[in-house]
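Each remark here refers to the structure printed beneath this line.
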Ligand code: GRF
C-alpha cells in the first residue's frame, strides 16, 4: 500500500500543468508567459491550454499569434459558467487572471478554490477591491503620496482582491513620479513576479 501511494505522488509531480489565462487588455503579461514557456523557464512543466477574453482586446491577437486556443465570452450573467465550462473541458489546473476586468461569481471561486490567481498592480491589501484596477490604482497611490508601491500575486476568492497573497514586489516611489512613471514601473516588475509565482506553483519546491 505504501509503495502505491509513492507511485501516485510521483506521477502527480511530473504532471504538466495546464493553465487558462483570462484577459481583457493589451496582454503584455500573457506575452511574458508565452515567451517564458518558449524559453524553457518552466522546464516544460506548464502549458497555456486556453486564453479567454471578456472583450475584444489586443491580448487575443497575441494568443492567436502563439496558436493558443482562444475564446471570447459574453460579459453577461452566464460569464462564470461559460468560463467554468471551457476550463473543465480543457483539463485546466490553474486559472491565471492577467488583466482580467470581469468579476467571477462566488460559486465559480469556490469550485476553483486555490486554482485561480490574480495579478494586481498594488501592494494589497492597499488599493484593492471593486473598481480598483489599472490607472485608478496608480492615480490613488499618487494622490495619497505613498512612499512605496508594487504588485501582488494572490489567490482569488469571492471577495474582490481579498484572497491569500502568494508574493509581492515593492519599490520606492520617487517624489517626482507621475502616472506614466508608475504605470511603466509596475508593468516592468509585475512580469517577473507573475512568472516566479507560476514557476513555484508549477514546479513546487524545485522552483
Ligand atoms: C496589469 O497591470 C495587471 O497588474 C492588471 O492589469 C494589467 C494587465 O496588463 N491586473 P496586460 O493586459 O497584461 O498588458
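What follows draws every value from the coordinates through simple rules; no lab data is involved. These figures come from a predicted structure and were not determined experimentally. Don't worry about glycine lacking a Cβ; one is built from the backbone with ideal geometry, like all the others, and counts go over all protein chains shown.
Brief remarks follow.
- Rounded to two decimals, the Cα-based Rg/Rh of the chain, with Kirkwood Rh, is 0.99.
- Computed over the range 81-207, relative contact order equals 22 percent, with contacts defined as Cα pairs under 8 Å that lie 6+ residues apart.
- For the chain, DSSP calls about 40 percent of its internal beta bridges antiparallel.
- Here the mean projected area of the convex hull built on the C-alpha positions of the range 62-157 is 7.2 nm².
- Potential lengthening of the chain between residue 15 and residue 135 amounts to 39.4 nm, from the contour at 0.36 nm per residue minus the alpha-carbon distance.
- Three-way shape label, the range 15-126, alpha-carbon gyration tensor, a/c 1.5: rounded
- Between 79, 97, 30, the residue with the greatest mean-square fluctuation in the GNM of the chain (Cα pairs under 10 Å linked by springs) is 79.
- Convex hull volume per residue in cubic angstrom - Cα atoms of the range 100-203: 88
- Between residue 148 and residue 26, residue separation times 0.36 nm minus the direct Cα-Cα distance comes to 41.4 nm.
- Spin-label pair residue 78-residue 43: with each label point 7 Å from Cα along the Cα-Cβ axis, the two points sit 4.3 nm from one another.
- Gaussian network model of the chain, springs between alpha carbon atoms under 10 Å - residue of 134, 27, 163 with greatest fluctuation: 134
- Note on residue 113 and residue 35: the extension gain reaches 25.3 nm, defined as 0.36 nm multiplied by sequence separation minus the Cα-Cα distance.
- Residue list for the range 141-164, given a label point 7 angstrom along the Cα-to-Cβ vector of residue 106 and an amide N cut-off under 20 Å: 155-164
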